[in-house]
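K.L.:
Can you read through this structure? Questions will come right after.
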Amino acid sequence: MSAYLNSVLDYVRKTHGDEPEFVQTVEEVFSSLKPVIDKHPEYEKVDLLKRMVEPERMFTFRVVWMDDEGQWHTNRGFRCQFNGAIGPYKGGLRFQSNVYSGIIKFLGFEQTFKNSLTGLPIGGAKGGSDFDPAGKSDAEIMRFCQAFMTALYRYIGPDTDVPAGDMGVGGREIGYLFGQYRRIKGTWENGVLTGKGVQYGGSLIRPEATGYGAVYYLCEVLKHENDTIEGKKIATSGYGNVAWGIMKKAAHLGAKVTYFSGPDGYVHDPDGVITDEKLDFILQMRATDPMHCKPYADKFGCEFVPNAKPWGAKDVDICMPAAMQNDVDINSAKKIAEAGIKYYLEVANMPTTNEALNFLRGCENIIVAPSKAVNAGGVGVSALEMSQNSERLVWTEEEVDEHLRNMMISIHDSSVKAAEEYGLGYDLVDGANIAGFTKVAQAMIDQGCF
Ligand code: 2IT
């Protein structure tokens, strides 16, 4: 047990008591690093861990906008440029009322290791605002995005920092943000943001990439277990872009999502969300009502359970939480174990409390895969969008999909290799943390005192 690692952990606990999500993610990543720190005394020599838990730069800014009634509103904007050792800062923007520094910092820390795992040259960042998009008109969203970008534009750029979407920020918001950037700067600058519309530099498959990538990763896990995806039933949470991508790719590959949820409760569709009609309905429901998934149950005549989560359903093989952080707590984790689920793949960022994650990892019959690996296909395709923009090329759907699939295979394989190198067996959580960390650590050491 490394004394150095524990001293940095204590430091983080002491200095970030008011940012519990950040402490949580540092504890989670560090729990995998003991053997690495023990084997590599050079990390302690350059105080690498303490450097790594400190964002290179993090700032807040004022965002002032006017609603349709002429009322003024002031929100807080954030950008955390966490680590730029392996490439320009890269990461999404989240617009949600609960956003504060602790959420942005935890997401930026996670993003650093996730982006490293993609194998592409992108550093880690995250940003957003406590602005709540629910119930806002299109004109209000546009004015907010314009005000947000007016404050942010001078700190980003294609070689500096490339934002994208996250919760509350989709294609529409990226369009308004990009429009404002272009209006102010008067240049294209390789698109600056990713997740753009395909008419103006966006990559094909980007909206589906996180969900598709998660299912490709799942296929690798199943292959390792001499199992296949055909006929598998999946429980997920959420019905946004990510859950929708999982539903669609699972359906392509002969599996089906039979449970999904929203803030109002969960839906059980034993036939699965597999038809185009159902998949299109999910998209439409997401666009018109991000707070309620009950309309799906009403439309297709299936069960809706209000104010509950699907965790613990016995008639599924795989759980893939894809909604938000800390969605699965220890009680849900125990239900998942009791239901005899074999595969637990995190898809949302940090969807499992550390207590629940440790419990699930301790269950002999459950394979646990971490979000920083499973959801990395989203940012991976964002990096492919950056490549296409800088080369002034447009890749076909097949090309992007093939890159994405290979990326997920390689993320799985490099995690397996990293865990094996430290004698940890088939441990995808430790493997992802170690593989993601090692690359960033080496880059930081190579670049000297920074
Ligand atoms: O959590 C994530 O990886 C994202 N929200 C996507 C980030 C990106 O730059 O595409």
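K.L.:
Looking at this structure, is G157 closer than 30 Å to M52 by Cα and within 16 Å of the ligand (Cβ to nearest atom)? It would help to see each step written out before you state the result.
P.N.:
Working: closer than 30 Å to M52 by Cα: yes; within 16 Å of the ligand (Cβ to nearest atom): yes.
Against the criterion (closer than 30 Å to M52 by Cα and within 16 Å of the ligand (Cβ to nearest atom)), G157 qualifies.
K.L.:
Can you name every residue in the range 70-93 that is away from the ligand (no atom under 13 Å from the Cβ), over 16 Å from D166 (Cβ atoms) and either of a type in the set (A, V, I, L, M, F, W, C) or under 20 Å from the mean Cα position of the chain (by Cα) (or both)?
P.N.:
W72, N83, G84, A85, I86
K.L.:
Given the options N349, N365, N375, name the one that is within 11 Å of the ligand (Cβ to nearest atom), modelled with pLDDT of 95 or more and within 22 Å of I229 (Cβ to Cβ).
P.N.:
Working: N349 fails: within 22 Å of I229 (Cβ to Cβ); N365 fails: within 11 Å of the ligand (Cβ to nearest atom).
Of the residues listed, the single one that is within 11 Å of the ligand (Cβ to nearest atom), modelled with pLDDT of 95 or more and within 22 Å of I229 (Cβ to Cβ) is N375.
K.L.:
Right, I141: more than 30 Å from V29 (Cα to Cα), touching a residue at least 24 places away in the same chain (Cβ under 8 Å) and outside any loop (DSSP other than H, G, I, E, B) or not?
P.N.:
Values: more than 30 Å from V29 (Cα to Cα): yes; touching a residue at least 24 places away in the same chain (Cβ under 8 Å): yes; outside any loop (DSSP other than H, G, I, E, B): yes.
Yes: the conditions hold for I141.
K.L.:
Ok, one more. Kindly establish whether A297 is within 16 Å of I234 (Cα to Cα) and at pLDDT 95 or above.
P.N.:
Working: within 16 Å of I234 (Cα to Cα): no; at pLDDT 95 or above: yes.
Answer is no for this residue.
K.L.:
Another question, then. Can you name the condition, by its number, that G423 falls short on among (1) more than 19 Å from T118 (Cα to Cα); (2) within 16 Å of the ligand (Cβ to nearest atom)?
P.N.:
(2)
K.L.:
Moving to a separate point now. Does T118 count as of a type in the set (S, T, Y), within 11 Å of the ligand (Cβ to nearest atom) and touching a residue at least 12 places away in the same chain (Cβ under 8 Å)?
P.N.:
On the way: of a type in the set (S, T, Y): yes; within 11 Å of the ligand (Cβ to nearest atom): yes; touching a residue at least 12 places away in the same chain (Cβ under 8 Å): yes.
Judged against the criteria, T118 is a match.
K.L.:
Tell me, yes or no, whether the range 239-260 has at least one residue that is outside any helix (DSSP H, G or I), modelled with pLDDT of 95 or more, within 14 Å of the ligand (Cβ to nearest atom) and under 18 Å from the mean Cα position of the chain (by Cα).
P.N.:
no
K.L.:
Considering only the range 259-268, state which residues are surrounded by fewer than 24 Cβ atoms within 10 Å (Cβ to Cβ) and within 13 Å of K233 (Cβ to Cβ). Give the steps one after another, and end with the answer.
P.N.:
As a first pass, look at the range 259-268 and keep what is surrounded by fewer than 24 Cβ atoms within 10 Å (Cβ to Cβ): 263-265, 268.
Scanning the range 259-268 gives a single hit, H268.
K.L.:
For the range 70-81, indicate whether the set of residues that are touching a residue at least 12 places away in the same chain (Cβ under 8 Å), surrounded by 24 or more Cβ atoms within 10 Å (Cβ to Cβ), hydroxyl-bearing (S, T, Y) and more than 18 Å from H16 (Cα to Cα) is non-empty.
P.N.:
no
K.L.:
Checking M291 against (1) touching a residue at least 60 places away in the same chain (Cβ under 8 Å); (2) closer than 26 Å to E173 by Cα; (3) crowded, with 19+ Cβ neighbours inside 10 Å, which test does it fail?
P.N.:
Single failed check for M291: (3).
K.L.:
Sticking with this structure for a sec: Please work out if P207 is in a helix (DSSP H, G or I) and within 15 Å of the ligand (Cβ to nearest atom). Spell out how you get there, then give the answer.
P.N.:
Details: in a helix (DSSP H, G or I): yes; within 15 Å of the ligand (Cβ to nearest atom): yes.
Answer is yes for this residue.
K.L.:
Something else about it: Just a yes or no: is a residue in the range 170-177 surrounded by fewer than 17 Cβ atoms within 10 Å (Cβ to Cβ), farther than 25 Å from I246 by Cα and among the small types (G, A, S)? Please lay out each step first, then the result.
P.N.:
Residues of the range 170-177 that are surrounded by fewer than 17 Cβ atoms within 10 Å (Cβ to Cβ), as a first pass: 171-172.
With the extra rule that they be farther than 25 Å from I246 by Cα, the set shrinks to none.
No - not one qualifying residue is present in the range 170-177.
K.L.:
If you take the residues in the range 210-229 that are out of contact with any strand residue (DSSP E or B) (no Cβ under 8 Å at 6 or more places or on another chain) and small (G, A, S), which one is farthest from the ligand (Cβ to nearest atom)? Walk me through how you get there before you give the answer.
P.N.:
The initial filter retains those residues of the range 210-229 that are out of contact with any strand residue (DSSP E or B) (no Cβ under 8 Å at 6 or more places or on another chain), namely 210-213, 215-216, 219-220, 223-224, 226-229.
Adding the requirement that they be small (G, A, S) leaves 211, 213.
Details: G211: 12, G213: 10 Å.
Among them, the one singled out is G211.
K.L.:
Out of V169, V162, I need the residue that is in contact with a helix residue (DSSP H, G or I) (Cβ under 7 Å, 6 or more places away or on another chain), within 11 Å of the ligand (Cβ to nearest atom) and either of a type in the set (A, V, I, L, M) or modelled with pLDDT of 95 or more (or both). Which one? Don't jump to the end; show me each part of the working.
P.N.:
On the way: V169 fails: in contact with a helix residue (DSSP H, G or I) (Cβ under 7 Å, 6 or more places away or on another chain).
Being in contact with a helix residue (DSSP H, G or I) (Cβ under 7 Å, 6 or more places away or on another chain), within 11 Å of the ligand (Cβ to nearest atom) and either of a type in the set (A, V, I, L, M) or modelled with pLDDT of 95 or more (or both) holds for just one of V169, V162, which is V162.
The values are calculated or read from the model by the stated rules, or taken from the named source; none is laboratory data. This one's a predicted model, so the numbers in the text were calculated from it and none came from an experiment. Virtual Cβ from ideal backbone geometry, glycine too; neighbours counted across all protein chains shown.
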